1. Determine whether B:THR75 is in contact with a Lys or Arg (Cβ under 8 Å, 6 or more places away or on another chain), closer than 30 Å to B:LEU234 by Cα and surrounded by 13 or more Cβ atoms within 10 Å (Cβ to Cβ).
2. Give the number of residues within region A:105-162 that are within 14 Å of chain B (Cβ to nearest Cβ), buried (at least 17 other Cβ atoms within 10 Å of the Cβ), in contact with a Gly (Cβ under 8 Å, 6 or more places away or on another chain) and not in a loop (DSSP other than H, G, I, E, B).
3. What residue, of B:LEU132, B:LEU142, B:LEU169, is aliphatic (A, V, I, L, M), facing chain A (nearest Cβ under 7 Å), at negative phi and not in a helix (DSSP H, G or I)?
4. Just give me the residues in region A:362-379 being within 18 Å of B:SER148 (Cα to Cα) and part of a loop (DSSP other than H, G, I, E, B), in sequence order.
5. Looking only at residues in region A:302-318 that are in a strand (DSSP E or B) and open to solvent by 10 Å² or more (accessible area, probe 1.4 Å), which one is nearest to A:MET336 (Cα to Cα)?
6. Take the residues of region A:209-233 that are surrounded by fewer than 19 Cβ atoms within 10 Å (Cβ to Cβ) and within 20 Å of A:GLY174 (Cβ to Cβ): which is nearest to the other protein chains (Cβ to nearest Cβ)?
7. Give the residue, chosen from B:ARG215, B:ARG208, that is of a type outside the set (Gly, Ala, Ser), more than 9 Å from chain A (Cβ to nearest Cβ), under 30 Å from A:ALA312 (Cα atoms) and out of contact with any Asp or Glu (no Cβ under 6 Å at 6 or more places or on another chain).
8. Which numbered condition in (1) in contact with a Ser or Thr (Cβ under 7 Å, 6 or more places away or on another chain); (2) in a helix (DSSP H, G or I); (3) over 21 Å from A:GLY342 (Cα atoms) is the only one that B:VAL184 fails?
Amino acid sequence: MVFLVLLFFFQSDYEPLKPLSPVTNLVVEDVENDAGGSIDLSWKPSPDSARVVTYKVLRGLYPDGEFTELVVFKVPTYSFRDATTEDRVEYFYMVQVIDERGVVASSEIVGPRISKPHWFNTGRLAVLVVAMAYALMVILYIEFAKRDTSKMYIRRIAGLDQIDEAVGRATEMGKPILYSLGIGFLTDVATLASLSILKRVARRAAEYETRIVIPNYDPIVMTAAQETVRHAFVQTGRPDLYAEDDVTFVTNDQFGYAAGVDGIMLRERPGTVFLQGSFFAESLILAETAHSVGAITIAGTDQATQLPFFFAACDYTLIGEELFAASAYLDRNPQMLGSLKGEDLAKIIIVVIILLVSIFGTIGEILPKDAATETNVMSEWFVKLKDFLGRY
Amino acid sequence: MSFANLLGLWVAATLTIAILSFLYRDNPLYKFAEHVYVGVSAAYFIIYSAKFTMELQLINEFKSNLEAYLQQGSTSGLVEALLLIIPTILGILMLTRWVGPKIGWISRWPIAFTIGLGAGLGITGGIQGVLLPQVQATIEPLWVSPFSGANLWAAVGSLLMILGVVSTLIYFYFSRPHRGFIGVVSRIGIIFIMVSFGAAFGATVMARVSLLIGRLYFLVNEWIGGTIDFIQAL
């Protein structure tokens with residue numbers, strides 16, 4: 001009998017189940033610099049990693065309670081982010097490895113760990129530094145501007161010079177002005193810049209007793225436009241001329257808005273059309289219709305893809321930054337002038353950085369390099385500086 | 001094809017032709033299509049706002065978070081529920097302008113909040129998402145060793161990119177008159193701007209032509225073809 005049993009073991013492929021070693025050094029920690037809801041896990045491979053075919057991550061609320069399977073990996077994996085945690089709830093984790101024959105080895109249970117939101121994202125420190133430096137430049141220039149705005153030179157911007165003339169033209173023709181703020185929202189910088197141009201246009205319209213029609217895409221922008229125009233009419237001493245129904249909502253659909261504004265242009269036949277703000281595919285439709293009714297058109301947007309259409313179809317076009325410079329150019333108030341001057345200084349700093357670092361890189365390419373590392377001091381500096389800019 | 005499908009095709013085709021009739025001149029057919037389009041899209045926006053913004057993101061979200069707090073004691077649920085009260089109040093404040101001039105000024109608060117939020121997000125988003133990556137992408141060595149044809153073209157590409165970016169930035173520099181050296185550089189900048197606009201113009205026109213082809217394809221194949229198929233099937 002013993003002989004038969006031994007013969008069976010020697011003759012068959014039977015191999016007894018070997019114990020499997022679990023993964024080691026399981027580290028579980030809250031994800032840094034996030035808004036909460038995530039915990040990171042990492043572990044070292046099992047000493048028997050060659051045999052492992054499945055990795056399972058399990059989570060439980062108690063160390064001796066039930067553990068739920070979070071994820072299963074069929075390839076060697078040594079880290080996992082659990083993005084399904086509830087903040088400030090204590091969790092326990094373990095990782096299981098399984099071999100082909102179903103032998104399971106569980107790691108030690110690690111916990112309790114909690115996820116929580118963080119007030120500061122230290123990874124974005126460079127953004128904070130740049131923003132603070134920019135803010136400081138702007139504040140300093142605002143202080144300078146408050147002392148004497150006449151020393152603050154701004155170069156001529158043709159499109160903005162034409163605003164008063166364009167309003168006057170509509171007045172002479174006895175036609176209204178149509179002002180479109182585009183299809184941006186109040187959180188778009190172009191829409192904010194457009195509102196400051198609207199202030200000037202509305203003031204002139206009130207002075208010349210010309211009607212101003214403003215069809216809107218977004219109800220909140222419409223409210224801001226109504227406030228801007230009302231304020232301008234009150235400031236000019238003509239609140240009686242302000243008509244709230246002329247600053248109206250059309251629709252929140254892009255081409256619906258284009259069709260609506262086109263219709264208004266055809267029926268009202270404005271003498272002057274302002275297209276200032278965020279415009280997309282509807283830009284050429286609006287500009288062409290304005291041209292077809294014989295209106296003088298002054299356009300401006302920060303959307304680079306739409307500017308070519310404005311150039312082709314409008315009388316004057318404000319290109320991106322010129323739109324943002326409009327409020328400082330038109331009003332010359334210290335805050336706006338300071339912002340513009342701060343922005344100009346930032347541009348010069350950017351130009352200097354681009355030129356300096358590129359020169360570092362060029363010298364690094366020309367100078368002889370270390371044979372082993374294929375680098376030299378200049379090329380190392382070039383890589384370091386470039387990485388710094390891209391890190392955040 | 002069912003009669004209902006055919007009817008839908010005819011409505012879509014008639015409205016398409018009505019909108020395209022604007023190419024000739026303003027006419028009653030265009031006016032009708034325009035008003036239908038504006039009316040339907042405005043109505044859709046209102047329904048969308050009521051259903052997906054107010055009901056799903058505000059009322060249902062508030063209810064589920066509050067239930068999570070009351071039934072499971074989830075403090076994050078309570079915080080989420082309380083946070084939803086802030087936009088609700090801001091939204092209600094926006095409506096005060098229609099109540100009367102005495103309290104209408106309160107509607108400026110949510111507007112100020114929205115503008116402040118936009119500016120704040122714009123500055124950090126602009127620095128992190130646009131400014132720093134663009135500066136990094138512009139910086140390249142003006143010479144690549146060892147000397148070869150491919151490296152020479154890479155160097156020319158880098159030179160053009162740096163020249164383009166720097167001269168365009170100088171064009172948008174407002175603090176000095178564009179005369180002398182600054183004038184020359186800014187003139188180079190406007191050339192780069194116009195070349196990029198030309199390329200963008202061509203690309204966008206091609207995209208618009210493909211949209212037109214899509215619409216003409218609908219008229220010929222689906223509308224006329226579908227109608228013929230329907231008649232033949234009778």
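1. Answer is no for this residue.
2. 6
3. B:LEU142
4. Answer for region A:362-379, where residues must be within 18 Å of B:SER148 (Cα to Cα) and part of a loop (DSSP other than H, G, I, E, B): A:LEU367, A:PRO368, A:LYS369, A:GLU374.
5. The first filter runs over region A:302-318 and keeps only residues in a strand (DSSP E or B), leaving A:316-318.
Keeping just the survivors that are open to solvent by 10 Å² or more (accessible area, probe 1.4 Å) gives A:316-317.
Details: A:TYR316: 23, A:THR317: 21 Å.
Here the residue is A:THR317.
6. A:ARG211
7. Numbers: B:ARG208 fails: more than 9 Å from chain A (Cβ to nearest Cβ).
None of the others qualify; the one that does is B:ARG215.
8. For B:VAL184, the exception is condition (1).
The values are calculated or read from the model by the stated rules, or taken from the named source; none is laboratory data. Since this is a predicted model, take the numbers as computed values, not measurements. Every residue, glycine as well, gets a Cβ built from its backbone with ideal geometry; the counts of neighbours run over all protein chains shown. Side chains are part of the model used for accessible areas, which takes the heavy atoms of the whole protein and leaves out ligands, DNA and RNA. Shrake-Rupley method; radii C 1.70, N 1.55, O 1.52, S 1.80 Å.
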